[in-house]
Structures are given as structure tokens and as C-alpha cells.
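Colleague: Just passing along the structure, written as C-alpha cells.
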Amino acid sequence: TRESDYGIAALVSLAKRNGATASAAELAEELGIPGAFLRRILQRLGRQGMIRSWKGIGGGFVLAMSPTDILVSDIVTALQGPVRISDCDIREAICAGHARCILRRKLKAIEGRLVSELMGISIASLAG
């Protein structure tokens, strides 16, 4: 989702600052993200312990963890919930054949591989 994309971009930007703080406004301008939307994303990442923030002069956001310990899978889960591509979302209600659906089993396997790949990507690897 856009939230995950923006959250990842913000964390990469913070990682590149090597401990220097950045305000939400600075990050929003740098990344071309609407400020209010980014502030909500940063608040959620802060509640997950990925970033810390300070108010006032010299305040802003900084990583609360090593960039090697912040995984894309954790960011996605924090901002949009567990990765799910195997649940039928064509209808509002799950169909009667949900439990025996052949396609769902294949999608569940793909979902597992996707989550595994996301667990292998850290903010440090993206920050270069």
C-alpha cells in the first residue's frame, strides 16, 4: 500500500541521516509525501518502536533501532496488517468453497514466499 511505501521511504531517509533528526515536514518535502499523511505513518511506526520523536527546537524523528533490525516485513505488518493474498476479496463474504479452493492453496504458498522475501530486506540494505 501507499502507507507501506511511504513508511519504508521515510525510514530509509532517517537511516541515511546516521542519527540526525528530521522533522516530519522535512521528510515530507524530501520524499514528496503529503505532510499530514506522513505524520500519521510516523506516529504508527513510533508506536511500534521503530522510531523516536522529540518536540521543540532540534526535535524531530530518528530511528529507535538499528537499520539492520528494521525489516520490510515488520513495516508492512505495522502499517497494513499481515500480508494476505490468499483470502478471497472478490465478494464481501467469503464463498462457501473457501476451505477447499485450489487457487487459495496456491496463493497461500505464494504468500509464504512473499513474506519470507520481505523478512530478508532490512532498512540498512535499502539505505545502501
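Colleague: Name the pairs whose Cβ atoms lie under 6 Å apart, with the first residue in the stretch 5-33 and of a type in the set (D, E, K, R), the second surrounded by 15 or more Cβ atoms within 10 Å (Cβ to Cβ), and 6 or more positions between them or separate chains?
Modeller: Pairs that qualify, where the first residue is of a type in the set (D, E, K, R) and the partner is surrounded by 15 or more Cβ atoms within 10 Å (Cβ to Cβ), are Lys16/Ala127.
Colleague: Report yes if some residue within the stretch 61-73 is open to solvent by 80 Å² or more (accessible area, probe 1.4 Å), in a loop (DSSP other than H, G, I, E, B), under 17 Å from Ser122 (Cα atoms) and at pLDDT 95 or above; otherwise report no.
Modeller: Quick first cut of the stretch 61-73, residues open to solvent by 80 Å² or more (accessible area, probe 1.4 Å) only: 68-69.
After this cut, where a residue has to be in a loop (DSSP other than H, G, I, E, B) as well, the list is 68-69.
If we keep only those that are under 17 Å from Ser122 (Cα atoms) as well, we get 68-69.
Those still in the list that are at pLDDT 95 or above too: 68-69.
Scanning the stretch 61-73, I find at least one residue that is open to solvent by 80 Å² or more (accessible area, probe 1.4 Å), in a loop (DSSP other than H, G, I, E, B), under 17 Å from Ser122 (Cα atoms) and at pLDDT 95 or above, so the answer is yes.
Colleague: Consider the stretch 13-60. How many of its residues are part of a strand (DSSP E or B) and open to solvent by 20 Å² or more (accessible area, probe 1.4 Å)?
Modeller: We begin by selecting, within the stretch 13-60, every residue part of a strand (DSSP E or B); these are 22, 51-54, 60.
Okay, now just the ones that are also open to solvent by 20 Å² or more (accessible area, probe 1.4 Å), so 52-54.
Final tally of qualifying residues: 3.
Colleague: Here's another thing I want to ask about it. Only residues that are of a type in the set (Ser, Thr, Tyr) and closer than 24 Å to Ala25 by Cα: list them for the stretch 62-77, please. Break it down stepwise before answering.
Modeller: The first filter runs over the stretch 62-77 and keeps only residues of a type in the set (Ser, Thr, Tyr), leaving 66, 68, 73, 77.
Across the stretch 62-77, the qualifying residue is only Ser66.
The values are calculated or read from the model by the stated rules, or taken from the named source; none is laboratory data. These numbers were taken from a predicted model, which means no experiment stands behind them. Positions of Cβ are backbone-derived with ideal geometry, glycine not excepted, and every protein chain shown enters the neighbour counts. Note: accessible area is taken over every heavy atom of the protein model, side chains too, but ligands, DNA and RNA are not part of it. Shrake-Rupley method; radii C 1.70, N 1.55, O 1.52, S 1.80 Å.
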